[in-house]
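One structure below.
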Amino acid sequence: MCGIAGLLDTTLSPEQARHTLDAMLEACAHRGPDYRGTWLNNPVCLGHNRLSIIDLSDAANQPMHYLGLTISYNGEVYNYIELREELEKLGYVFTTHGDTEVILAAYHKWGRDCVNRFIGMWGFAIWDSRTQELFCSRDRFGIKPFHYIFRDGRFYFASEMKALKASPLYTNNYNLMQMARGLNLGWTHYMDETYYEVIKALPAAHNLVVKNGQISIERYWDIDFSKKFNGSFEEKKAAFKDVFFDSIRMTERRDVTLGVCLSGGLDSSAIASALSVYSGGKELKTFTSFYVGKDEVDERPFIQEVLKQYPNIIPHYISPTEQDVEEHFDRILFHMDIPMPSSSYISQYFVMKLAAENGIKVVLDGQGSDEIMGGYMHSFYRLLADNLRSGNLSAALRTLRIHRQRQGYGANKSVDIFAKSVLAAMFSEQQLYTKEFRYNYPWIFPGLQGWEPFGLSETGGTRLKQFLYQLIYVTLLPTLLHTEDINSMAFSIESRVPFLDHRLVELCFSLDNDDLIHDAETKYIMRKALRGVLPDAIADRKDKVGFITRGDRTWLRGRLRHLLEGEFRELDEVIDVKKVKEIVAAFDGGDNSNSLFLWRLAMLRGWVRTL
């Protein structure tokens, strides 16, 4: 895990190139405090801030050279041991014990197709002196970042957007459409678009090549909806457990201390439990944030259930105060590079801070589980929609009744769920999200009326699988992964997400709807496959709490109240300031119906001030 930066620009002198590269690396120095390396061979320059995780020797420093190739790489290819053994049989010789040299050898042998052999997370750039081209790649789900600017044959890239502000191509014009998406939907990225008009993000599962002043981008992997698991449910459970434990085995590889972000929910508890089993009960540190008070989230009672079954776990807790939030707010804003769509990411920041204070350099976290197994309550709309579209009204009503009983919903809530399920049966994901975008706050950005805000790709599969696919690639996971990377790297920690092993994702998408959500029980396959590994109290949880804070209601009325004060002149050219002030006044009077929107507006305002 590191911070990468580089450029390919024929217009710069060697001195200008070095100065620019040094400034880019300095901007993301927090990502790799263990070593800084640069390689300049005009017009290409590669730089690297190293966070030493595997093979801590100087021989593994980057940029690394191998058979005419030079790489700057961020991430982990977990199956590097298996790949190295395969490559050694083909005649390749290695002088290091990590994954970077394996990537170079794999590229030398298999070319651009090498990435299809990788299990892991990555963002890298390889200069190939043989073909005089720069080959860049990002992992299948965008776990690791890769941002770039390209104009008139000039190319700059970096792990974080703030580093690209040192590029002579950078301009501080904002992307108005992305601002609108962020306010309405909470998205931090859309495909290759960012909040900056000039900065692009290489989409997940894509390769990028720069050659002869031209850029080409192509997708190398996608979820195959046609694959179906043909076997009994017992066989499905066995397959899930095998792949999940193998993911834990691989993501556990490192030469430094490791911990787990433990919330008390299904996902992080599954990771901590499986890791405890796999490691034979070796001491494991976990890290948790909690809040006490009315409507606050405190998951410590569920964490105690994990501790009862696995006494090897040493828990660490943090409860950020409002004063803590105020003191760290400017630093958080600096690191984020984007307006935070919710206050929960501040809690994540403090969890990573706690881990760093306890000497941790690698954490495992549960991102991705909800997106591949239907963990969100909105998944029920699509599940019921599939029942309705197949003409199975009785199954839809039965699932709705069980769901209502499990969650304790009243009649009005049940009617609302059924009505939304009917809409999900009638309209595509594109139509549903477009309606949400246009009707939530239609007065925002009046100049954008009539624009197409986004285009969701058409996929096969059930309504539920289509919904999950969009969660993974467009609507939610890109935001979660961006903040996961930013918050962990703010404290020089590598965060790994075992649920986003592509083998596990492929398995879950090959299962039936009923394997994912059964009798209104979400993530059914995991609950059953890990029975005995997960404490029963966790496996049987009915609620879905999530990583929630009430910052949009409490902090905005407290020490962050200044973010809603003034005339909003930073945004008065693009939003209806009069309407905003009306909402702020209602909020001050106790109305929480627009508190999340006001949080996003306050964060957008703070971000605009940094341009």
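Taken as Cα centroids, segment 537-611 and segment 495-524 sit 33 Å apart, rounded to the nearest whole angstrom. The base-10 log of I(q)/I(0) for segment 76-187, evaluated at q = 0.12, 0.18, 0.21, 0.22 Å⁻¹, reads -0.57, -1.00, -1.18, -1.25 [Debye formula, identical scatterers on Cα atoms, solvent excluded]. For segment 309-457, the alpha carbon convex hull comes to 227 Å³ per residue, rounded to a whole number.
Working ranking of peptides 582-595, 69-82, 356-369 by packing, defined as the average number of other Cβ atoms within 10 Å per residue, highest first, is 69-82, 356-369, 582-595.
Taken as Cα centroids, segment 458-481 and segment 119-151 sit 23 Å apart, rounded to the nearest whole angstrom.
From its DSSP helices (H runs of at least four residues, each -39,500 (n - 2.57)), the chain gives a residue-normalised ellipticity at 222 nm of -12000 deg cm²/dmol. Label-to-label distance, GLU357 versus GLN304, with points set 7 angstrom from Cα along the beta-carbon direction: 2.3 nm. Measuring between their Cα centroids, segment 17-94 and segment 212-263 lie 24 Å from each other.
Taking every alpha-carbon pair in segment 370-480 and binning the separations at 5 Å intervals from zero gives 2, 11, 19, 21, 18, 15, 8, 3, 1, 0 percent. Across segment 471-593, Cα pairs under 8 Å and at least six residues apart give a relative contact order of 8 percent.
Between ILE314 and GLU235, residue separation times 0.36 nm minus the direct Cα-Cα distance comes to 25.0 nm. Taking every Cα-Cα distance in segment 2-219 and sorting them into 10 Å bins starting at zero, the pair-distance distribution P(r) comes out as 8, 35, 37, 16, 3, 0 percent. A simple rule links phi to the HN-Hα coupling: the Karplus curve 6.51 cos²θ - 1.76 cosθ + 1.60 with θ = phi - 60°, which for segment 55-70 gives 6, 7, 6, 5, 4, 8, 5, 10, x, 10, 10, 6, 6, x, 10, 9 Hz, with x for Gly and Pro.
Simple rule: put +1 on each Lys or Arg Cβ and -1 on each Asp or Glu Cβ in the chain, find the dipole, and look at TRP443, ALA490, ILE217; the Cα lying farthest toward the positive end is TRP443.
Note down the relative contact order for the chain as a percent, whole number, built from C-alpha pairs under 8 angstrom at least six residues apart.
Values: 1087 pairs, mean separation 96.1, N = 611.
Once normalised by length, the contact order is 16 percent.
Taking the beta-carbon count within 10 Å as an exposure proxy, list PHE350, PHE467 from fewest neighbours to most. Write down the numbers at each step before the final one.
Values: PHE350 20, PHE467 26.
Fewest-to-most Cβ neighbours within 10 Å comes out as PHE350, PHE467.
List the aspartates and glutamates whose Cα lies under 12 Å from the Cα of LYS581, skipping any in the same chain that are fewer than 8 positions away. Within reach: GLU565, GLU567, ASP572. For segment 166-265, the ratio of Cα radius of gyration to the globular rule of thumb 2.2 N^0.38 Å stands at 1.64.
For HIS562, HIS65, HIS97, what's the fewest-to-most ordering of other Cβ within 10 Å of each Cβ?
On the way: HIS562 10, HIS65 14, HIS97 17.
Fewest-to-most Cβ neighbours within 10 Å comes out as HIS562, HIS65, HIS97.
Once you have the Cα-Cα distance between ALA585 and SER57, take 0.36 nm times their residue separation minus that, and quote the gain in nm to one decimal. Don't jump to the answer; show the numbers that get you there.
Working: separation 528, 0.36 × 528 = 190.08 nm, distance 5.85 nm.
So the extension gain works out to 184.2 nm.
Apply the Kirkwood formula to segment 65-136: the hydrodynamic radius equals the inverse of the mean of 1/r over all pairs of different alpha-carbon atoms; give it in Å with one decimal. Roughly 12.1 Å, rounded to one decimal.
Taking 0.36 nm per residue of separation and subtracting the current Cα-Cα distance, fully stretching the chain between SER394 and GLU197 would add 66.0 nm.
Contact order, relative form, for segment 100-207: 24 percent (alpha carbon pairs under 8 Å, 6 or more residues apart, mean separation divided by residue count).
Fewest Cβ neighbours within 10 Å first, please rank PHE155, PHE229 accordingly. Display every interim value, and only then the final one.
Numbers: PHE155 25, PHE229 18.
So the residues, fewest neighbours to most, are PHE229, PHE155.
Enumerate lysine pairs in segment 2-219 that are 8 or more residues apart or on different chains, then count those whose Cα atoms are under 15 Å apart. Mind dumping the intermediate values first?
Details: LYS89/LYS109; LYS144/LYS200; LYS162/LYS200; LYS165/LYS200.
Summing the qualifying lysine pairs gives 4.
Here the Debye sum runs over all C-alpha atoms of segment 259-333 as equal scatterers in vacuum, and log10 of I(q)/I(0) at q = 0.18 Å⁻¹ comes out as -0.73. Over all directions, the projected convex hull of the C-alpha atoms in segment 555-609 averages 3.5 nm² in area. Annotation: peptides 213-225, 417-429, 476-488, ranked by per-residue average of other Cβ atoms within 10 Å with the highest first, follow the order 476-488, 417-429, 213-225.
Here each label is just a point 7 Å from Cα along the line to Cβ, and for SER457 and GLN407 those points are 3.0 nm apart.
To two decimal places, what compactness ratio does segment 426-584 give when its Cα radius of gyration is scaled by 2.2 N^0.38 Å?
Details: Rg = 20.6 Å, N = 159, 2.2 N^0.38 = 15.1 Å.
Scaled against compact globular proteins, the figure is 1.36.
Kirkwood hydrodynamic radius of the chain, from the reciprocal of the average inverse Cα-Cα distance over all distinct pairs: 25.2 Å. Checked against a 28 Å cut-off, the cross-linked pairs LYS294/LYS413; LYS241/LYS282; LYS435/LYS528 give Cα-Cα distances beyond that limit for LYS435/LYS528. Approximating the spin labels as points 7 Å out from Cα along Cα→Cβ, the GLN214-to-THR610 distance works out to 3.7 nm.
Each value in this text was obtained by applying a stated rule to the coordinates, not by laboratory testing. Keep in mind that this is a model prediction, so the values were computed, not measured. All Cβ positions, even for glycine, are placed from backbone atoms using ideal geometry, and neighbour counts span all protein chains on display.
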